[in-house]
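**Q** Dumping the structure here so I can ask a few things about it.
The values are calculated or read from the model by the stated rules, or taken from the named source; none is laboratory data. Being a predicted model, the structure only gives us computed values, none of them experimental. Cβ sites come from the backbone with ideal geometry, for glycine too, and all protein chains shown count toward neighbours. Protein only, heavy atoms only, side chains kept; ligands, DNA and RNA dropped before computing areas. Shrake-Rupley method; radii C 1.70, N 1.55, O 1.52, S 1.80 Å.
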Amino acid sequence: MADYPALTRRRLLGLFGAAAALPVLSACGSSVGGGSGGATGGATGAGGGGSVKVGLVVPQSGVYAALGTDMQRGWELWLDGHGGKFGERTVETVLADEGETPQTGVPAVQKVLQSDNVDVVVGLVNSATALGVGDLMRESKKLLIVTNAGAEDVTAKARTPYIWRTSFTNGQISAAMGAHLARSGFREGVYAIAPDYAAGTEVIAAFTKAFEAGGGKVIGQAKPAFGKTSDYQPYLTGIQQSGAKATFCFFSGAEAITFVKQYQQFGLAQSIPLYGSGFLTEGSVLAQQGDAALDVQTTLHYTDQLDTPANKAFVDAYRAKHGESPSCFSVQTYDAANVLGRALTGGTALDGDALAAALGKIGAVDDSPRGPWSFDGQTPRQNIYLRQVANVGGTLVNSVLQDLGPQSQPV
C-alpha cells in the first residue's frame with residue numbers, strides 16, 4: 001500500500017485480521033534486533049568471501065505488521081534458495097522494527113546504520129519514512145533499497161544516488177490503467193475517486209494525465225476524507241448521476257473493502273464497471289470483499305496467478321513454507337535480495353557508490369516472479385498487468401487478463 005500517514009489500527013485490522021506473530025529469521029548468518037553489535041559485514045574486502053550485513057527495516061509492530069511479515073518472508077525465501085549468500089558473501093540480516101510512522105521508522109534506519117553498522121538497508125513501507133531518511137543515506141554513503149513505499153519523490157524530486165527501489169510508484173500503476181481505459185471505449189467519460197491524502201492525489205493525477213493523453217475525459221472526481229469515511233452513498237450517487245461510463249478508484253485496506261461492497265450494493269457494478277489500482281483487490285482484502293469484487297479490474301505489477309515458471313516456483317515455495325499465497329509485498333523484497341545478489345557477484349565493494357554503480361549495470365532481471373524487469377534510473381521499469389477478480393475453484397483470485405507491457409515511473 002502506498003500510504004503516507006499511518007493508518008489507524010482498526011483500519012488495518014479490518015484488512016488483515018489480527019497480525020500473525022513474525023517468524024524467527026532463517027539461519028543465514030541472521031541476527032534479530034541488532035545482531036552482533038558494530039562489527040562491519042564486509043571485513044574481508046571485495047570479492048574475497050566474507051559477509052555482508054543488511055538492515056531489514058520493516059514493520060514488526062503496529063498497523064503495518066502484516067506487511068512487514070510478507071516482506072520478511074520474501075527476503076528469507078530468496079536467501080533460503082541461494083545458500084544464504086550474495087555471491088561469495090554470507091548474508092547477515094539485522095531485523096529492525098519500522099513501526100507505523102516516520103517517528104519510529106527514521107530512528108530504526110538510523111540505528112541499523114550507526115549502531116549495527118550495516119552495509120545495506122532494505123525495506124520501508126511508509127513513504128514519509130522513505131523520504132525522511134534521504135539525508136541519513138547521503139551522510140552514510142550506504143545503499144537503501146525501498147521495497148514498498150510508493151511516493152514518486154523518493155526517486156524523483158528527492159532523489160539521492162543511494163536510494164533505489166524494487167517496488168513501484170503510485171503513478172506508475174494508475175497511469176497504466178488510464179492508458180488502457182482510453183483504448184477501451186471509455187473516452188466519453190470516467191469518474192475518478194480516491195481518498196484525500198498524498199497517495200490518492202498522486203494516483204488520480206497520473207491516471208488523469210494518461211487517460212486524457214489517450215483522448216479520454218474525466219467527467220467527475222471526488223476525494224473522500226482519508227480514514228474517516230465509512231458511508232460512500234453520497235459519492236456513489238454522484239457517480240450514478242454523472243453519466244460516467246466507468247469508475248476508476250484508489251482505495252486500500254478497510255476502505256477498499258467498504259467501497260467495493262457498497263459499490264455493488266448500490267447497484268452500480270453492472271451498469272458502471274469498476275476499475276482501480278491493484279491494491280483495491282490485493283491480498284487479504286479480496287476474501288473480505290467476497291462476491292462484490294467479482295469482475296473488478298485492476299492494474300498492478302504482480303499477481304500470484306502469473307503463469308510463468310519463475311512465479312510458479314516462487315508461489316509453490318512460499319505456500320509450502322507459509323501455507324498461504326504471496327503478495328506483491330513479498331515479491332518486492334524477494335527482488336531486493338535478487339538484485340543485491342547480482343550486484344555482489346564478483347568484486348563489488350560494499351559502499352553505496354560501488355553498489356549503486358553495480359545495480360545500474362545489472363540489466364534485465366529475468367528470473368523474477370513478477371516477470372522480467374530492469375532499473376530505469378533507480379526505480380523498476382516493469383510489466384503492469386490488467387487483472388480481473390474471478391472465482392477459481394471456490395477461491396477469489398486476481399486472474400491475468402492482459403500484460404500491458406513495461407511501464408516506467410511517470411514524468
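**Q** Of Gln332, Pro234, Ala357, which is farthest along the charge dipole of the chain in the positive direction, counting Lys and Arg as +1 and Asp and Glu as -1 at C-beta?
**A** Going by the charge dipole, the pick is Pro234.
**Q** What angle, in degrees between 0 and 90 and rounded to the nearest 10, separates the Cα long axis of helix 253-265 from the longest principal axis of the Cα atoms of the chain?
**A** Computed tilt is about 20 degrees.
**Q** Follow-up question, since we're still on this one. May I ask you to work out the translational diffusion coefficient for the chain at 10 °C, viscosity 1.306 mPa s, via Stokes-Einstein with Rh from the Kirkwood sum over Cα pairs, reported in whole µm²/s?
**A** Translational diffusion coefficient: 74 µm²/s.
**Q** What 222 nm value per residue comes from the helices of the chain, counting each DSSP H run with n ≥ 4 as -39,500 (n - 2.57) and dividing by all residues, nearest 500 deg cm²/dmol?
**A** Computed ellipticity for the chain at 222 nm equals -10500 deg cm²/dmol.
**Q** When the gyration tensor of the stretch 182-234 is built from Cα positions, what are the square roots of 5 times its three eigenvalues, in whole Å, from largest to smallest?
**A** 23, 13, 6
**Q** Stokes-Einstein diffusion coefficient for the stretch 48-161 at 37 °C in a medium of 0.692 mPa s, Rh from the Kirkwood formula over Cα pairs: what value in µm²/s?
**A** D, rounded to a whole number, is 231 µm²/s.
**Q** Which three extents, in whole angstrom, do the alpha-carbon atoms of the stretch 237-388 cover along their principal axes, largest first?
**A** 62, 35, 25
**Q** What are the extents of the Cα atoms of the stretch 352-411 along their three principal axes, listed from largest to smallest and rounded to whole Å?
**A** 50, 25, 17
**Q** At q = 0.25 Å⁻¹, what log₁₀ I(q)/I(0) does the stretch 163-266 have when each alpha carbon counts as one equal point scatterer in the Debye sum?
**A** Each listed q maps to, in turn, -1.38.
**Q** To continue, here is another question. Could you sort out which of Lys111/Lys157; Lys53/Lys142; Lys111/Lys142 sit more than 18 Å apart by Cα distance in this structure?
**A** Lys111/Lys157, as the Cα separations exceed 18 Å there.
**Q** OK, next. Using a 1.4 Å probe and counting only protein heavy atoms, arrange Asp351, Asp295, Asp116 so the residue with the most accessible area comes first.
**A** The ordering from most to least exposed comes out as Asp295, Asp351, Asp116.
**Q** With the contact rule set at Cα under 8 Å and sequence spacing of 6 or more, what percent relative contact order holds for the chain?
**A** 18
**Q** Another question, if that's okay. Expressed as an acute angle from 0 to 90° and rounded to the nearest 10, what is the orientation of the C-alpha long axis of helix 328-343 relative to the principal long axis of the chain?
**A** Its long axis makes an angle of about 40 degrees.
**Q** Rg and Dmax of the stretch 243-298 over Cα atoms: what are they, in angstrom?
**A** Reported Rg and Dmax, both Å: 10.1, 32.
**Q** How far is helix 65-80 tilted off the main Cα axis of the chain, in degrees rounded to 10, range 0 to 90?
**A** 50
**Q** Right, here's the next one. Hey, can you grab everything whose amide H is under 5 Å from the amide H of Gly189? Only 5+ residues off in sequence or another chain; H modelled, so Pro and N-termini drop out.
**A** Residues meeting the criterion, in which the H sits 1.01 Å from N, are Lys217, Lys245.
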